Amino acid sequence: MNMRALCWMLPVLMMGCARDHGGMELRIDGQAITIAPQSPLSDSEFVLFERAVEDGALQAETVVGEATSDAVGAFAVTFPRKSSYSLRWTAVAQDHFPAAGILDPEDLYPNEPFDLTVGLHAVCTLHVQLASIAPEDSTDNVRFNLGEDFPCDCCPTDQILLEGVGADSAWQCLMHGDQWMTWGADLDVALIGQPDGLFVDSVFCPAFGSAELNLTW
């Protein structure tokens, strides 16, 4: 091989090596947002888990990428290309509920960043106060429940029963911010002039804030 031919072939070989190297990695370009009010979310911690087939055997799930979103909510994860069986991600941020999801490995291609929007719900604290006031009767009772069952470790929607004189209950729980919480109360009060019957209403809980739900009979 003469020197002229070698000079022509070297650039071709180098380009081929670069393509091979690029094909060994996959990339996710992410955007973290607070779902309400649809704003960029900084300092969100993103973790990517993978189960891959190696040497003909399905391996245990491992962490293949971690990233923290910047001031405009952007983050990126680059990880080695393998025979992925599954991809799973989680995301956490202060004053937000955790988020999680899965990706189809077939949707990721070498040298083509995969766009992923990660939405986290802001937290709001709901304060509930139920209490009876004079005049009261021993037969008074109320059946009360919250009506919105958010997909998280949030406010319970189970019905509670309060009975008699001096009945009261107070608690606080978390719910998605910038959302309405509906509630219902079935009051059975003996004395005339007191509220009685079925009552339905709602209260708005702002993102990163709190709301109060007070019911007296």
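The values are calculated or read from the model by the stated rules, or taken from the named source; none is laboratory data. Since we're looking at a predicted model, the values are computed, not measured. In this analysis, Cβ positions are derived from the backbone assuming ideal geometry, glycine residues included, and neighbour counts consider all displayed protein chains.
Below is a table of values for the structure above.
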{"quantity": "Flag if Phe144 is over 30 Å from Ser69 (Cβ atoms), in contact (Cβ under 8 Å) with a residue 40 or more places away in the chain, surrounded by 15 or more Cβ atoms within 10 Å (Cβ to Cβ) and within 30 Å of the chain's Cα centre (by Cα)", "calculated": "yes"}
{"quantity": "Phe97, sole failed condition from (1) in the same structural domain as Ser44 (by TED's automatic domain parsing); (2) over 23 Å from Ser202 (Cβ atoms)", "calculated": "(2)"}
{"quantity": "Check on Gln172, touching a Lys or Arg at 6+ places or on another chain (Cβ under 6 Å) and not assigned by TED's automatic domain parsing to the domain that holds Gln31", "calculated": "no"}
{"quantity": "Leading residue by the ranking (surrounded by the fewest Cβ atoms within 10 Å (Cβ to Cβ)) among those in the stretch 37-73 that are assigned to a strand (DSSP E or B) and charged (D, E, K, R)", "calculated": "Glu54"}
{"quantity": "Complete set of residues in the stretch 160-197 that are in contact with a Gly (Cβ under 7 Å, 6 or more places away or on another chain) and either closer than 18 Å to Thr139 by Cβ or of a type in the set (Lys, Arg) (or both)", "calculated": "Leu187"}
{"quantity": "Residues located in the stretch 111-125, provided they are surrounded by 14 or more Cβ atoms within 10 Å (Cβ to Cβ) and touching an Asp or Glu at 6+ places or on another chain (Cβ under 8 Å)", "calculated": "Pro113, Phe114, Leu116, Ala122, Val123, Cys124"}
{"quantity": "Set Leu187, Leu213: member being under 31 Å from the mean Cα position of the chain (by Cα) and either among the charged types (D, E, K, R) or in a strand (DSSP E or B) (or both)", "calculated": "Leu213"}
{"quantity": "Single residue of Ala32, Ala52, Ala57, Ala36 found to be within 15 Å of the chain's Cα centre (by Cα) and modelled with pLDDT of 90 or more", "calculated": "Ala32"}
{"quantity": "Single condition Thr78 does not satisfy, out of (1) closer than 30 Å to Asp29 by Cβ; (2) surrounded by 17 or more Cβ atoms within 10 Å (Cβ to Cβ)", "calculated": "(2)"}
{"quantity": "Selected residue (criterion: modelled with the lowest pLDDT) from residues of the stretch 101-110 that are surrounded by 12 or more Cβ atoms within 10 Å (Cβ to Cβ) and not aromatic (Phe, Trp, Tyr)", "calculated": "Pro110"}
{"quantity": "Condition broken by Gln194, with the remaining ones in (1) surrounded by 15 or more Cβ atoms within 10 Å (Cβ to Cβ); (2) part of a loop (DSSP other than H, G, I, E, B); (3) under 27 Å from the mean Cα position of the chain (by Cα) satisfied", "calculated": "(3)"}
{"quantity": "Checklist (1) modelled with pLDDT under 95; (2) surrounded by 13 or more Cβ atoms within 10 Å (Cβ to Cβ); (3) among the small types (Gly, Ala, Ser) applied to Gly166, failing item", "calculated": "(2)"}
